[in-house]
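Here's the structure we're looking at; comments come further down.
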Amino acid sequence: MSNDSIFKTFLVAFLLCVVCSVLVCLAAIVRIDKEAYNKQLEIRKTVLAAGGYQQQIDAGGKIDELFTTNMELKLVDLATGEYTTAVDAATYNQREAVENPELSVGIPADLDIAKIGTRAKYAAVYLDKSGTVVLPIHGGGMWGPIYGYISVAADGTTIKGLTFYQHAETPGLGAEIDNPNWKKQWPEKKIYNSSGKLAIKVVKKGKYNASAADAVSTVDGLAGATVTGNKVNAIIRYWLGENGYAPFLAKFKAERG
Ligand SMILES: Cc1cc2nc3c(=O)[nH]c(=O)nc-3n(C[C@H](O)[C@H](O)[C@H](O)COP(=O)(O)O)c2cc1C
């Protein structure tokens, strides 16, 4: 058959289309994989930062290596505070679980101080080799949801770090929640007072009094961003309260503290 035949012309055009489609599909798959990996890396970095590994990260420590060496993933049933194997921890996605009626619960409006609406039944927490636990938290900010992690020492009450990995707060105002100078207030603050009552709070900028009896549980707010400070206060108090991690932290303390 001649190379100029209509059949051969169409065959070459067809094969070229097939090759190009395969290349485009492969490129899309690689991009999706890379995006998923980058997302996972960002979360791992936040977990490590909240867990007190910021210095190692800044010194060029490898995120994946630091993470796999130090962090152990566990699922906690928030209703009981017990660890659970009801679902597979390795494939569980707490943010996706919120959309699944079997894996989530509605929060009554009067308890929903963080404006979450629905929360997952199980929380994906990270046990750090140093003895702390890193807990996921989230809730409404001024301009959109705020997601982050807070780490708590083996005594179940001392905060070791707080880091956010997603929010829509305004740069220079609410986004100052990412400022290391603001975040450095959190380590060593006590979540509960000596009677075991939830005490941690964020106050309006300038209202923090270092000599007040509750200073150990008080964080100064953000200049010109009281709304975001109040939102973070609500998020922290929801998640560390009785409807969040309080039952788990009591058990964690008994086990590890
Ligand atoms: C465009 C715009 C964006 C703002 N973004 C934030 C924000 O992200 N977080 C925040 O708390 N306040 C933000 N504010 C300011 C709030 O409306 C409010 O004035 C402030 O939180 C009050 O804090 P202050 O009592 O410390 O002044 C923004 C205001 C404007 C006009």
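None of the figures in this text is laboratory data; all of them are computed from the coordinates on show. This structure is a prediction, so every number in the text was calculated from the model and none was measured. Glycine also receives a Cβ, built like all others from the backbone with ideal geometry; neighbour counts cover every protein chain displayed.
Derived scalar couplings between HN and Hα for segment 36-44 equal 4, 5, 5, 4, 4, 5, 5, 5, 4 Hz in order, rounded to whole Hz, by the Karplus curve 6.51 cos²θ - 1.76 cosθ + 1.60 (θ = phi - 60°), x for Gly and Pro. Residue ranges 101-112, 243-254 sort as 243-254, 101-112 when ordered by packing (mean number of other C-beta atoms within 10 Å per residue, highest first). Label sites at Lys184 and Ala250, each approximated as a point 7 angstrom past Cα along Cα to Cβ, lie 3.7 nm apart.
Across segment 124-132, computed HN-Hα scalar couplings (Karplus, 6.51 cos²θ - 1.76 cosθ + 1.60, θ = phi - 60°) run 8, 9, 10, 8, 9, 3, 5, x, 8 Hz from first to last residue, x flagging Gly and Pro. Spatially, segment 216-257 and segment 14-39 are offset by 44 Å when compared through their Cα centroids. Taking amide H atoms as placed 1.01 Å from N in the peptide plane, the amide H of Ala114 has no partner under 5 Å among residues 5 or more positions away or on other chains.
Applying 1/(1 + (r/R0)^6) with R0 = 45 Å to the Cβ-Cβ distance of Val22 and Val216 gives a FRET efficiency near 0.15. In the chain, the DSSP beta bridges split such that about 90 percent are antiparallel, to the nearest 5.
Between Gly144, Leu162, Gly221, the Cα set farthest toward the positive side of the dipole of segment 71-256 (charges on each charged residue's Cβ, about the Cα centre) is that of Gly221.
When the C-alpha to C-alpha distance is required to be over 27 Å, the pairs from Lys129/Lys190; Lys121/Lys207; Lys121/Lys251; Lys39/Lys183 that qualify are Lys121/Lys207.
Would any residue of segment 194-235 have its amide N under 16 Å from a label point 7 Å out along Cα→Cβ of Asp58? List them or say none. Answer for this model: none.
Annotation: amide H of Thr158 within the under-5 Å range of Ala153, Ile191, sequence separation 5 or more or interchain, hydrogens built in the peptide plane.
Only Cα pairs under 8 Å and at least 6 apart count here; give the relative contact order of the chain as a rounded whole percent.
Details: 419 pairs, mean separation 42.2, N = 257.
Once normalised by length, the contact order is 16 percent.
Helices in the chain, meaning DSSP H runs of at least 4 residues, each add -39500 (n - 2.57). Divided by all residues, the mean residue ellipticity at 222 nm is -11500 deg cm²/dmol. Quick one: Karplus J couplings for segment 219-231, per residue in order, coefficients 6.51, -1.76, 1.60, θ = phi - 60°, nearest Hz, x for Gly and Pro? Per residue, the Karplus-derived 3J(HN,Hα) values read 10, 6, x, 10, 4, x, 9, 5, 4, 5, x, 5, 5 Hz. Partners of Lys34 within straight-line reach, counting aspartates and glutamates whose Cα lies under 14 Å from its Cα and excluding those fewer than 8 residues away in the same chain: Glu42.
The distance between label points at Ala89 and Asp4 comes to 7.2 nm (points 7 Å beyond Cα on the Cα→Cβ vector).
Any idea what the dipole of the chain comes to, in debye rounded to 20, about its Cα centre with Lys/Arg Cβ at +1 and Asp/Glu Cβ at -1? Mind dumping the intermediate values first?
Working: 28 positive and 26 negative charges, 133 e Å.
That gives the chain a dipole magnitude of about 640 debye.
Using the crude model of +1 on Lys and Arg Cβ and -1 on Asp and Glu Cβ, and no other charge, please compute the dipole size for segment 61-188 relative to its Cα centre, in debye to 20. Working shown, then result.
Working: 10 positive and 17 negative charges, 45 e Å.
Value, rounded to 20: 220 debye.
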